[in-house]
Every structure is written in C-alpha cells, then in structure tokens.
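Student: First the structure, which I've put down as structure tokens, then a few questions once you've had a look.
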Amino acid sequence: MSRRRRSTEAADPQGLIDVLPLDGGQAADLRESGLLDLALTHRSYSYENDGIPHNERLEFLGDAVLQLAVTEKLYADHPSLPEGDLARRRAATVSARALAVIASRLRLGEYVKLGRGEDLSGGRAKVSILADTTEAVIGSVHLACGQDVSRRFVLDLMSPLLDSDEFLESSYDFKSRLQEIAAASGLTPVYRITETGLEHDKTFTAQVSVEGVVSASGEGHSKKDAELAAAQNAVRAILAERGETLIPRG
C-alpha cells in the first residue's frame with residue numbers, strides 16, 4: 001500500500017524577517033505593511049484559496065529594483081569595463097540560479113505559501129519559484145521601506161555573489177560569448193554532433209567550427225551539454241591566445 005505524500009504548511013514569516021538584512025525599524029515597517037505575506041504567496045496558493053492576491057506583481061517590481069541596484073553597483077565598481085563585460089556580470093548576478101542561491105541561504109522555501117499540488121511536486125526547492133519569490137520579497141521591501149533601503153537590501157543580499165569570480169565563471173554563457181566573438185568577424189559558429197554508446201547511456205560529442213576550421217570539441221550526456229562543453233573549450237582557447245581573462249576585473 002503506497003503512502004500519500006503530505007503537503008507542508010508555510011513557516012511563520014517572522015522567522016524570515018529575523019534573518020533579512022534590515023534594522024529593527026525597517027523590519028517592523030515590512031511586517032506591519034503586510035507586503036511580505038503577499039510576497040510569499042504563490043499563484044498556486046491563490047488558485048486554491050478563492051483567487052486571493054499573489055506575488056507576481058511584487059515580483060515584477062522587485063526585478064526592476066534588483067536590476068537597477070546591481071547595475072549601479074557594477075558601473076561604480078568597474079569603471080574600465082566595457083558594456084559587454086558589465087552586462088555579462090549583471091546577467092550572472094541577477095540570474096534565476098543566483099537568486100535561488102540567495103533564497104536557499106535564507107531558507108526562503110520554508111516560508112512560501114504554495115498550493116497543495118505545487119507543494120507535493122517539490123515546489124519549495126524549485127529554482128524558478130525561489131528566484132521569483134526572492135524578487136517579490138525585494139519588491140515588498142521597496143514599497144514598505146523606500147528606495148534607499150531597498151537598494152542597500154539588494155546589495156547586502158547579493159554581495160557574496162557580486163565579486164565572486166568562481167560563481168561568475170560557473171554561470172558564464174559560453175555559447176553566447178563564442179557567438180559574439182565570431183560575429184565580430186562576420187562569422188557564425190557551426191556545431192556538428194556525433195553520438196556513441198547504448199540508447200540509454202549515450203555520449204554526445206560536439207565539434208564547433210568557425211569558417212570551416214574546427215575550433216574545439218566537447219562531450220556530454222546530451223546534445224546541449226556537449227555543445228556547451230565545446231563552446232567553453234573554444235572560448236577559453238581563444239581568450240588564452242589573445243592573452244585575455246575570462247572574467248575581466250576592470
């Protein structure tokens with residue numbers, strides 16, 4: 001006889017308030033505004049509870065607050081970096097993966113109000129839900145405490161990642177970077193895939209070439225992973241030949 005999985009109740013948001021980078025007065029403003037409770041209400045919970053308001057509008061606002069705060073910080077901290085390098089740093093820092101890392105450190109998943117189905121399917125650990133809820137929390141702080149506080153709030157949250165070359169490298173979009181390098185010469189990378197192994201355990205090999213010359217190859221257990229590996233090897237080789245670093249400091 002199979003056991004039925006049980007959904008879990010969201011934890012008291014006071015526990016979250018206690019670990020947010022806010023002072024006592026700011027935390028009180030956030031709590032009394034009721035906006036944090038809204039920020040933690042997922043659409044699936046709304047659907048199962050008579051369509052009560054959910055957090056997507058706050059998520060929309062929080063995304064804009066996050067983007068501006070991070071952009072200003074990168075612009076000030078890296079005065080010699082060109083726009084392309086700044087954009088790559090920002091993209092990595094505000095990505096869903098980065099926001100999910102921050103959410104995990106706050107144990108944010110414990111506080112999200114989810115519908116039963118979403119909860120049972122592991123919603124509290126889903127990257128998309130954690131990232132979206134983080135943006136909604138940022139939006140709630142912005143409305144409850146004002147622009148200056150929300151900017152500092154974002155930078156306090158994101159500071160562990162803003163200057164982490166290790167994290168930036170792990171989030172680097174090698175395929176897009178190779179595309180940019182090739183496009184600068186009016187060229188386009190071309191990928192060719194081969195596969196080996198049994199149907200249930202295949203290994204894919206990708207060769208990427210520019211103008212018919214094989215630049216690099218890579219392997220993976222999916223075509224996508226193989227292409228990413230090939231692009232990574234190509235970009236690293238090109239930058240090494242140019243004497244450039246993957247993550248310029250500026």
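Student: Out of region 119-209, which GluC sites (Glu not before Pro) are coil in DSSP terms and have no more than 14 other C-beta atoms within 10 Å?
Tutor: Passing sites in region 119-209 are GLU199.
Student: If N is the number of residues in the chain, what value comes out of its Cα radius of gyration divided by 2.2 N^0.38 Å?
Tutor: Ratio of Rg to 2.2 N^0.38 Å for the chain: 1.22.
Student: How far apart, in nm, are two points set 7 Å out from the Cα along the Cα-to-Cβ line at ARG97 and at ASP12?
Tutor: 3.8
Student: On to the next question. Between VAL190 and GLU83, how high is the FRET efficiency from 1/(1 + (r/R0)^6) when r is the Cβ-Cβ distance and R₀ = 35 Å? Nearest 0.05.
Tutor: Working from the Cβ atoms, E equals 0.80.
Student: Same structure again: Between GLN179 and SER33, what is the label-point separation in nm under the 7 Å Cα-to-beta-carbon projection?
Tutor: That separation, rounded to one decimal, is 3.7 nm.
Student: Return the inverse of the average 1/r over all pairs of distinct C-alpha atoms in region 174-242, which is the Kirkwood hydrodynamic radius, in Å to one decimal.
Tutor: About 12.1 Å, per the Kirkwood formula over Cα pairs.
Any read-out appearing in this document is the output of simple, stated calculations on the displayed coordinates, not a laboratory observation. Remember, it's a predicted structure, so these values are computed and weren't measured experimentally. With ideal geometry, Cβ positions are generated from the backbone for all residues, glycine too; neighbour counts draw on all protein chains shown.
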